[in-house]
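Encoded as structure tokens, the structure appears first; notes follow it.
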Amino acid sequence: MAQLTASEGIALKNILVATDFSAVSFSALACVVPIAQESHALVHILHVIPPPKIGFASPEAEEDMSRQVQLDAQREMGSLETVVEGVPHRMWLREGDVWAAVEDLVRLEHIDLIAVGASGKSDFKKFFVGSVAEEVIRKATCPVLSVGPHALRNDGGIPLAQLLYVTNLWENSRDGLQYAVRLATQYKSRLLLLHVVEQEEPKHSDHEWLNEYGRIMRNLLPKSAAYLCEEPVLRVEVAKNATARVLQVADEIGADLIVMDVRPEEFWATHLRDKVYDIISRANCPVLTVRTKR
């Protein structure tokens, strides 16, 4: 993870964008550019050519096809130069398993942030589980910026004016909140902390424990929050569908980024998996997942 300092925000030095040349991966790269400019970071653009499928073509024909795939990939990589024009960057073309290539670059180039495009289909959960984006989010130890099919590009001005941090009030999972606070410090962003209790509408007798949740949320704030230009807004809500309410709040406040913690030991719990992926697939802004070390 990038070095965190309370007064300076997040020191990003190397950002990796994994691209398959799709529209969402193009958007992921576009989202990274203003962040790289602000942080003076080096952008690494990676495309991985999958291993050839077993076929019945002659060795000569397979060699020709492999050469053509390489040429096509090089041409596509070249077309991305216009997106990162003016930003220090390196192009990486690898062959084989995507996650293996990503993991290798993360280690060799000391990557602080990974950005991926997450495509969506009608049955998103069935499509997303097992995809490249899912594997990166699940396995990466550094924060992952996921750009879903509905995320809107921000082409100018401050890229992170409004941040939404979604918390489950895990006492020992504050890495995402630390990251959100320091992003807000660096970009002079407004920050909203949101916890949604999934149940029917609250009764009058629920007010006491809802207030207690608010107290817990305030205690989660790190000391670095004192450096924020504006005091964070804290909200505890009750909704029948927590995911839908998170997305509604994000739209209401015009969130530029949603930040969420991911706990490794619970990542494959069905409720958590579905919420994370559902939010990424439907959000109108990118989603940053931070894997807690605890």
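I'm trying to understand the selection: among the residues of region 1-36, which are surrounded by fewer than 16 Cβ atoms within 10 Å (Cβ to Cβ), of a type outside the set (A, V, I, L, M) and either assigned to a strand (DSSP E or B) or at pLDDT below 90 (or both)? Listed by number, the residues that qualify are Gln3, Thr5, Ser7, Glu8, Ser22.
Might you let me know whether region 38-51 holds any residue that is modelled with pLDDT of 90 or more and either part of a loop (DSSP other than H, G, I, E, B) or loosely packed, with under 15 Cβ neighbours inside 10 Å (or both)? Yes, because at least one residue in region 38-51 is modelled with pLDDT of 90 or more and either part of a loop (DSSP other than H, G, I, E, B) or loosely packed, with under 15 Cβ neighbours inside 10 Å (or both).
With respect to being at pLDDT 85 or above and on the phi > 0 side of the Ramachandran plot, Lys188 fits the description.
Which of the numbered conditions does Asn172 fail, given that it passes all the others? Conditions: (1) touching a Lys or Arg at 6+ places or on another chain (Cβ under 6 Å); (2) modelled with pLDDT of 80 or more. Among (1) touching a Lys or Arg at 6+ places or on another chain (Cβ under 6 Å); (2) modelled with pLDDT of 80 or more, the lone unmet condition for Asn172 is (2). Residues of region 220-252 that are hydroxyl-bearing (Ser, Thr, Tyr) and modelled with pLDDT under 90: Ser224, Tyr227.
The values are calculated or read from the model by the stated rules, or taken from the named source; none is laboratory data. Nothing here was measured: the structure is a model prediction, and the numbers come from that model. For neighbour counting, all protein chains shown are included, and Cβ atoms are generated from backbone atoms with ideal geometry for every residue, glycine included.
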